[in-house]
1. Calculate the FRET efficiency for A426 and H316 from the Cβ-Cβ distance with a Förster distance of 35 Å, rounded to the nearest 0.05.
2. Take peptides 328-335, 139-146 and line them up by average Cβ neighbours within 10 Å, highest first, as a rough protection proxy.
3. Just to verify a number: FRET efficiency for R443 and D396, C-beta to C-beta distance, R0 = 45 Å, to 0.05?
4. Under a point spin-label approximation (7 Å from Cα along Cα-to-Cβ), what is the N87-V403 distance to one decimal in nm?
5. Rounded if a/c is under 1.5, else prolate if a/b beats b/c, else oblate: with a ≥ b ≥ c from the C-alpha gyration tensor eigenvalues square-rooted, which is the stretch 265-330?
6. Between their Cα atoms, which of K170/K348; K50/K249; K106/K170; K50/K148 are more than 24 Å away from each other?
7. What distance in nm lies between label points placed 7 Å from Cα along the C-beta direction at N365 and Y269?
8. Rank these for me by crowding, E296, E411, E442, going from fewest to most other beta carbons within 10 Å.
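What follows draws every value from the coordinates through simple rules; no lab data is involved. These figures come from a predicted structure and were not determined experimentally. Cβ coordinates were reconstructed from backbone atoms using ideal geometry, including for glycine residues, and neighbour counts include every protein chain displayed.
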Amino acid sequence: MLIIPGERHRHCDGISRRNFLRIGSLAMGGLTLPDLLRAEAASGIKQSNKSVIMIFLSGGPPHQDMVDLKPDAPVEVRGEFEPINTNVPGIQIGDQLPLLAKMTDKLAIIRSIVGSEGRHAGFQCMTGQRSTNQPQGGWPSLGSAVSKLRGPTTPSMPPFVSLVPPMKGKGWSDPGQPGFLGIGHQAFRPTGDCQADMVLNDITPDRLHDRHTLLTSLDRFRREADASGAMAGLDRFNEQALGILTSSKLAEALDLTRESQAVRDRYGYGSPEPAGYGDAGPLLNTYFLSARRLIEAGARVVTLAYGRWDWHGRPHGTTFENSRHHMPMLDQGLTALLEDLHQRGLDKDTTVIVWGEFGRTPKINANVGRDHWPNVSFAMFSGGGLRTGQVIGATDRLAGEAVDRPVTFGEVFSTLYNRLGIDTSAITLRDLNGRPQYLVPERAESIRELIG
């Protein structure tokens, strides 16, 4: 440790510099360490790893071709698919999702999500907030807020991991930004070539630790003097990187060869190539398996983007041609994930949500596609101890407007935080101006049908 002796100065109000720094940290962080420890003890978070897997169907999936079919609507609305019965009496979904139909008892389908901004971006699905009138630094995503409030379960496993691959369409490749919480709570992204950076080459852990200790000692005064909190965030980021480099836990979680061939075949594979236009993300079912392994290894929030669901029609394929490609792949990967979580006893503590940024127009356009439709969309929940085997909300006869039980983005996020043991009515995070900010817009309540 590097020590620079000197006097302990007192300010005009009688507060020592050491206490001033401590008070300043409260203004930046929102909660003290004892507060966090008490919150964790009260929520029981130490006894189990409450977690969320968020599957973002980037581009806007067609709700009326997946979970809200209207077979009695005019032909220009109802499309080419037929509703099929599920293993829950009275619930039907689209015929391109036959495996999900056999396990709908493990799903809660919301047909009435409202309040979309109508933008091609993952922002609203990652934060629950609107992109306008943001506080300085921006709204933090679910994963970043959980990283701040809960921290890692172990130093070698980041609390927030994103499997969102790089895409040309940057709005869809948003892993969930840290916003005003800063770099220390951004998502760890082990995609692409950077996986090689998680392995030490020609340096021992002891030597790496010595270098890290020296760097930390030299930077200590600069960190403490930095009122913005950026240096503290960078220090936390470096600590996380050190934990990753000196442990094989994360690398092992991402090593799918440790799974049996039967398990890997059950999930399916896909391709790393763009699934559609050049700005698309890939259809990679291996990400579903990676998400399960990451949760099992101790990650608290895992996000992933899956495919490209923005189907306006020719010349890039009709909505129905693309559906026949994407939906069976999703059907295989998602059902494998849900079955795997249940078989391993992870389902009670792991909440899975599947959704996109908006829905699609009821009327099929001249290019045999459906256009953007922010008026209503859908989400599917599973696990987390939620009440599944039900449908929440309803749309009109054309699947164009919510006519029963509209559900907001805020309600969805309040439910996700609830499953993580975080009380959105009480807990706030301080923004860069020191103002307390609630985690969900308008202090929305959890979806009562799901949690009682």
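1. Details: r = 47 Å, r/R0 = 1.36.
Efficiency computed from Cβ-Cβ geometry: 0.15.
2. Going from most to least packed, we get 139-146, 328-335.
3. 0.95
4. About 3.1 nm separates the two model spin labels.
5. Details: a/c = 2.88, a/b = 2.21, b/c = 1.30.
Here the stretch 265-330 falls in the prolate category.
6. Details: K170/K348 33 Å; K50/K249 19 Å; K106/K170 33 Å; K50/K148 15 Å.
As for pairs spanning more than 24 Å Cα to Cα, those are K170/K348; K106/K170.
7. Distance between label points: 3.5 nm.
8. Values: E296 16, E411 24, E442 9.
Ascending Cβ contact count within 10 Å gives the list E442, E296, E411.
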